[in-house]
Amino acid sequence: RNLAFVTLMDEAGMADDFLRGFDWDTFDLTATTQEVVDRLEEPTAKFLMAHTKAELLEGAVKHRFMLYPVSTTKDIRESVQLAARKFWIEIEHPGLGTTITYPGAFGRFSETPPRTWRCAPLIGEHNREIYQEESGIVKSTKDSPVKLNKKGQKKNLMKKPLTGIKVADFTRAVAGPITTKTLSDYGAEVIKIEGKAKFDGHRMASPFRDGVPGLNRGGDFNQDSTGKLSVSLNLAHPRGVEVAKRLVARSDVVVENFAGGVMKRMGLGYEALKKIKPDIIMLSACMQGQSGPHTTHPGLGFHLTALSGFSHITGWPERQPLDLGPHTDFIAPHFNALAILAALDYRRRSGQGQYIDMSQYENGIHFMAPLILDYVVNQRVANRIGNRCDDAAPHGAYRCRGQDRWCAIAVFSDEEWQNFGKVIGNPAWVKKSKFRTLPSRKENEDELERLVEAWTINHSAEEVMTMLQAAGVAAGVVETGEDLLEHDPQLKHRRFFQQLDHPEIGKHYARGPAFMLSKVPCELRRAPLLGEHNEYALKEILGMTDEEIAELVIEGVVE
């Protein structure tokens, strides 16, 4: 990747002899000297400053290295990738008397494409329509009949809702595995297909139990792959692809998040899989979708977070944007799981499977939609505003008693401000005209923040939260990892973290789902060891003999 970047610099005549002759294969950033870093950075900085973000992005796409712009809302609206995918849609807005460009559908479904045909409703816009439809309808107040067994007892309804659904999981890293984790946690049989030579790289992502690295010891992997089975296949071998196809043939769903076109080149694209399982549902969730000029551009979650606009609006106005990490990796799984459930329901009713092309870029943009619409309508480019909010004051994280303890507070209305004043004892400054209304508080926000923190610093973060919430003011402790696992009463009450036992890392806690179903509890199962279920999958599921399995092992197909 570094060599590709140097090639781009060299094409522009801006790579010096030091860069051209640098040995990237042996380069270790943790062991190098500052002098070497400076020699690398100086020409690189000059090159970056001599080009626009759009020019650099096109160069990165051409040479296939991981460089992404920190996009503004204006950049997003002008994206050539989104334009090529015809992402944007025009919707008439009756209140403004014009049409507005909106973000389009969150995914592309081959059989049941979502569509947006109208804007958000005006207040009371559909009163008459709804009242007319509802008139004359008698709603039954009877409860649904309780199913009884032969002994007259209530039937056990504890079977997980996705029991019987089979998933072939080719996903890697974060967004894909969390998608299939959601399915496995609620009963689906998810077989994770990877190899010992080309395993899910997140297996080797820190943190590790006791600081000891290992393919089965990674904290993130053991969080994101609960309940799955693991089969280790060499997909670079033709027979490995054959075995994978046999697993697909008995599956309901296939999920993958490789770069655009990778599955097709391996012989595992939708058209190929549909021939062996006509009603298969396949979801591809790559960075930027399966079409468009940037579909094969490699990258990771933190790159996409920058491209989607989140990095540009995070931080303080006078400072550079902040690295949020792989923020979009935790947005896409919700869209993916919803899409799979919808496709399963459609197949149940119609008998048809389908292909779902999900762009994590487009998923993320939906969370930027209000700011994008602000640019479209008002030509305002959103920027960093720290912890502040245009519609609230005070609004921020305030230091509390103790070492590095904080509480987030948000006061939106004047009524909430009055309640806030009562909680802190109604000091004289609360009633001053410069703090009486939201506009006046915004004008004097620097002083306001100092006065608020002069109160919070005398209380624990938990005390501040409890007192303010009781008064109807939004407040929450800025929690550490220890707080979340050990002290948060809400998470404890909902059993969000569940203790599992793992053969290599022992007892550990894994997070549950962010929702609860009234009739079905979610009991987690640990993540699999690499290749742990080879024998079960090949022998019990596919019916192979010991001789056949041994032959695959010898040939390097089963690793």
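The values are calculated or read from the model by the stated rules, or taken from the named source; none is laboratory data. The structure displayed is predicted, hence computed values, not measured ones. Here the Cβ positions follow ideal geometry from the backbone for every residue, glycine too, while neighbour counts run over all protein chains shown. The protein model used for the area step is the full one, side chains on, heavy atoms only, and it has no ligands, DNA or RNA in it. Shrake-Rupley method; radii C 1.70, N 1.55, O 1.52, S 1.80 Å.
List of remarks:
- 5 angstrom amide H check on His502, placed H, neighbours 5+ away: Lys507, His508
- Entries of Lys86/Lys192; Lys181/Lys264; Lys74/Lys264 with Cα pairs more than 28 Å apart: Lys86/Lys192; Lys74/Lys264
- Antiparallel beta bridges, as assigned by DSSP with both residues in the chain, represent about 55 percent of the total such bridges.
- Sequence of Glu415, Glu447, Glu111 when ordered by accessible area, the most exposed leading, probe 1.4 angstrom: Glu415, Glu111, Glu447
- Ordering of 421-429, 222-230 by packing [mean C-beta count within 10 Å, highest first]: 222-230, 421-429
- Across Lys166/Lys507; Lys166/Lys274; Lys228/Lys492, pairs whose alpha-carbon gap is larger than 23 Å: Lys166/Lys507; Lys228/Lys492
- ³J(HN,Hα), Karplus 6.51/-1.76/1.60, whole Hz, each residue of segment 351-357, x for Gly, Pro: x, 9, x, 5, 9, 10, 9
- Segment 387-414 and segment 17-94 have Cα centres separated by 35 Å.
- Other residues within the sphere of radius under 10 Å centred on the Cβ of Phe496, judged by their own Cβ, net out at +3 (K and R +1, D and E -1).
- Near Trp406, the amide H atoms lying under 5 Å from its own belong to Cys400, Val478; only residues 5 or more places off or on other chains count, and H is placed 1.01 Å from N.
- Inter-part distance, segment 495-559 to segment 276-354, computed on C-alpha centroids, equals 25 Å.
- Partner aspartates and glutamates for Lys160 [C-alpha distance under 12 Å; skip if fewer than 8 residues away on the same chain]: Asp185, Glu189, Glu523
- Rounded if a/c under 1.5, otherwise prolate or oblate - segment 353-400, Cα gyration tensor axes: oblate
- Gyration tensor verdict on segment 69-119 (Cα atoms; rounded if a/c is under 1.5, prolate if a/b is larger than b/c, oblate otherwise): oblate
- Read-out volume of the Cα convex hull per residue in Å³, derived from the coordinates shown; its label in (1) 239; (2) 306; (3) 166: (1)
- Protein heavy-atom surface of segment 454-501, 1.4 angstrom probe: 55% of the accessible area is carbon and sulfur, with nucleic acids and ligands not counted.
- Accessible surface ranking that places the most exposed of His334, His93, His297 first, with a 1.4 angstrom probe: His334, His93, His297
- With θ taken as phi - 60° and the Karplus curve 6.51 cos²θ - 1.76 cosθ + 1.60 applied, the whole-hertz 3J(HN,Hα) list for segment 283-293 is 10, 10, 10, 8, 4, 10, x, 8, 9, x, x Hz, x standing for glycine and proline.
- Cα gyration tensor, segment 481-559 - rounded (a/c under 1.5), prolate or oblate: prolate
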